[in-house]
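Here is the structure we will look at, set down as structure tokens.
The values are calculated or read from the model by the stated rules, or taken from the named source; none is laboratory data. A quick note: this is a predicted structure, and the numbers were derived from the prediction, not measured. Every residue, glycine as well, gets a Cβ built from its backbone with ideal geometry; the counts of neighbours run over all protein chains shown.
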Amino acid sequence: MLLTPLSAVSADEPVTQLALSGVEQAHAELWGRFVDSYGIIHDFAGDLPTPEDCRLGKPNAIGWWSPIEDGPMFTGLYLPAICERARRTGDPVDKEQAR
């Protein structure tokens, strides 16, 4: 976990460039694998249950009360992070992803 804000260190420093590169790689991987076409963040990369699975009430490994329960337990920290990213960069793509 990065405890020092990247803005507090010169962007020219090699360590900062390495950290920025790591942040970009992590974001690209998370967004590409765990965010679906509707912007929903999942904590898994597998198939979603079918309508039949839902009708039968087949549970997932964690949410016995719901077949597709996938809330903030695993993904709650990503929302404030993507909002902060959009605020800092001002990039329209980042703003749309945070929306």
Check your understanding: Got at least one residue in region 10-20 being within 16 Å of Arg88 (Cα to Cα), hydroxyl-bearing (Ser, Thr, Tyr), at pLDDT below 90 and touching a Lys or Arg at 6+ places or on another chain (Cβ under 9 Å)?
Key -> no
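Please verify whether region 66-83 includes one or more residues that are surrounded by 13 or more Cβ atoms within 10 Å (Cβ to Cβ) and modelled with pLDDT of 90 or more. Step through it out loud before you land on a result.
Step one: list which residues in region 66-83 are surrounded by 13 or more Cβ atoms within 10 Å (Cβ to Cβ), which gives 66-68, 70, 74-75, 78, 81-83.
Checking the rest, the ones that are also modelled with pLDDT of 90 or more come to 83.
Yes: region 66-83 contains one or more residues that are surrounded by 13 or more Cβ atoms within 10 Å (Cβ to Cβ) and modelled with pLDDT of 90 or more.
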Practice item. Return a yes/no flag: does region 36-50 have any residue that is modelled with pLDDT under 80, at positive phi and either of a type outside the set (A, V, I, L, M) or touching a Phe, Trp or Tyr at 6+ places or on another chain (Cβ under 8 Å) (or both). Key: no
Practice item. Identify, by number, the condition in (1) over 22 Å from Lys95 (Cα atoms); (2) surrounded by 10 or more Cβ atoms within 10 Å (Cβ to Cβ); (3) at pLDDT 80 or above that Asn60 doesn't meet. Key: (3)
